[in-house]
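Worksheet: one structure, shown below.
Any read-out appearing in this document is the output of simple, stated calculations on the displayed coordinates, not a laboratory observation. Quick caveat, the model's predicted, so the values are computed rather than measured. Ideal geometry is used to build each Cβ from the backbone, glycine not excepted, and the neighbour counts take in all protein chains shown.
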Amino acid sequence: MEVRRTVPVALDVDSDDAALLEDTVDMFLWCAQYVVDHAFQGEYVTTSKTTLDDETYDDVREATGGFNGGLVQAARNKGAEACKSVVERWKNGKKASKPTFTSPHVVYDHRTVTFHDDYVSLATTDGRIEADYILPDKDSDTPHSQYLFSNEYETTGAELHYHDGDWVLHVHCKKEVEFDTSEQATTENGTVLGVDLGVNNLAVASTGTFWTGDEFDHWRREYEKRRGSLQQCGTRWAHQNIQSVGRKEEGRFKLMLHRISNELVAEARENEYSVIAFEDLTDIRERTGASWGHKWAFDRLYEYVEYKAEEYGITVEQVDPENTSRRCSKCGFTHPDNREDEDFECLNCGYENHADYNAAKNIGLRYLRRNQTGGDGGAPLGVRLNSGTLNVNGGYSPADDESARTGVHAESHRFSGG
Ligand SMILES: [Zn+2]
C-alpha cells in the first residue's frame with residue numbers, strides 16, 4: 001500500500017524568476033481554461049482526457065508558442081477533472097456552471113519539477129528556474145524532515161501556489177508500506193470497506209490507503225491568517241472581504257473533499273466492495289479532539305461518498321464507534337494502552353500496525369458483526385484488506401485456529417459462533 005503526504009515548502013524566488021513564474025501561472029491557467037472552453041463547445045461536455053488531449057494539445061502548443069509539453073498536459077488534466085466534477089454534479093441533480101480557473105497555481109509532475117537537497121528546479125515559460133527552499137529549523141520535527149527529506153518517501157509532484165507575494169510549493173510525497181503478510185485469508189462474497197476519520201489522517205481505509213490532513217491543515221491556517229489581517233482593518237470593506245475569504249475557503253475544501261470521496265468510491269469499486277462503513281459521526285469531536293472545521297469536513301465527506309457510492313450500488317453505513325481505536329483488530333483485546341498516537345501495539349497478542357489503519361479494520365468488522373446478529377442466514381461477509389479478507393471473527397488464519405484467538409474480548413466472543 002501507499003501512504004501519501006503533501007508538504008508545503010516556501011520558496012526563495014528572486015524578482016526575475018518571479019516574473020517567469022507569474023508568466024507560467026498565467027499560461028498554465030490559460031491552457032486549463034482553453035481545454036474547459038473546448039470541452040463545453042459541443043452538445044455534451046467532453047470529460048475524456050484522451051479525447052481532450054487529441055483535440056486540444058497541438059492547438060494549445062501552437063497558441064502558446066510551444067509552452068512546456070508537460071505543463072500543457074498537466075493543465076489539460078486539470079481542465080478535464082474540473083469538467084468531470086461538473087458532469088457528476090449534474091448527474092446528481094445539482095447545479096454547476098462551466099469551471100473557471102482564477103486561483104494562481106501550476107501543477108508539476110516528474111517531468112516538470114526536480115527536487116534537490118536544498119533547492120527545486122521548475123519548468124517555466126522560458127526554460128527552468130532554480131529556487132531555494134525556505135525551511136524551518138532542520139533539526140526540529142517538521143513535515144519537511146519527516147517526509148520531504150526522508151529516505152522512505154519519494155516525491156511524486158507538486159503544486160505551486162502564489163499568494164501575497166509568496167511562492168509556496170505543495171510537494172506530494174509517498175511511501176510504500178509493507179503490511180504483515182500473514183494477513184492473508186480466504187476471500188468471500190460481499191465485502192465491506194472500513195473507513196476511519198481523524199485529524200492527522202482525514203481518512204484511512206481498511207485497504208491501507210491514507211488521506212492525510214496536511215493539506216487541509218495548511219489551508220485552514222492560511223485562511224485564518226487572511227481573515228485575521230482583514231479583521232484588524234475593521235472597515236465595512238474588510239468585513240465583506242472576510243465573508244469572501246470564507247466562501248473561497250469553503251470552495252477549496254469542498255473540492256478537496258470531492259477528490260477524496262471520488263478516490264474512496266473508486267477504491268471500493270476497483271475491489272468490488274458492496275458496503276463502505278464509517279464510524280458514527282455524531283460525537284466525533286469529543287472522541288478525536290477534532291475541530292468544528294474537521295467535523296464539517298467529515299460530514300461533507302460522508303455525504304459525498306454516500307451519493308457517489310449510490311450510483312454504483314454501494315451502500316454507505318455508519319457504525320457504533322466505541323473503542324474502534326483501542327481494540328485490536330486481530331485478537332479483539334481492548335485497552336487504552338494498546339494505542340499511542342499513531343502506533344498500535346496490542347498488549348495481548350503483540351499485533352502492531354498504524355493506529356488509524358487498525359481502527360479502519362475495526363470499523364469494517366463492526367459493520368459485519370452488527371449485520372450478523374440479524375440472523376437472516378446470509379453468507380458471512382468479509383472486510384476486504386490490502387492483502388486479503390478479514391473474516392467476521394477478526395482472524396486471517398484457518399478456521400480451526402480461530403477459537404484460540406477469539407473470546408479475549410466480549411465483543412469477539414459474542415459472535416465467535418458465526
Ligand atoms: Zn491483539
Of the peptides 46-53, 193-200, how do they stack up when ordered by the mean number of other Cβ atoms within 10 Å, highest first? 193-200, 46-53
How much length is gained if the chain between Asp299 and Ser103 is pulled fully straight, taking 0.36 nm per residue apart and subtracting their Cα-Cα distance, in nm to one decimal? 68.0 nm
Tell me, in nm to one decimal, what length is gained between Lys225 and Asp118 on full extension, where the rule is 0.36 nm per residue of separation less the Cα-Cα distance? 35.8 nm
Over its Cα atoms, what ratio of radius of gyration to 2.2 N^0.38 Å does the stretch 2-176 give? 1.12
Formal net charge of residues neighbouring Pro104 (Cβ-Cβ distance under 14 Å; K, R +1; D, E -1): -4
Given Lys225/Lys254; Lys225/Lys361; Lys175/Lys295; Lys94/Lys361; Lys95/Lys175; Lys175/Lys308, which pairs have Cα atoms separated by over 30 Å? Lys225/Lys361; Lys94/Lys361; Lys95/Lys175
Counting Lys +1, Arg +1, Asp -1, Glu -1, what net charge surrounds Ile284 among other residues with beta carbon under 11 Å of its beta carbon? -3
Where does the stretch 227-296 land on Rg/Rh, using Cα atoms and the Kirkwood Rh? 1.17
Tell me, what is the FRET efficiency for Glu286 and His110 to the nearest 0.05, using R0 = 60 angstrom and their Cβ-Cβ distance as r? 0.90
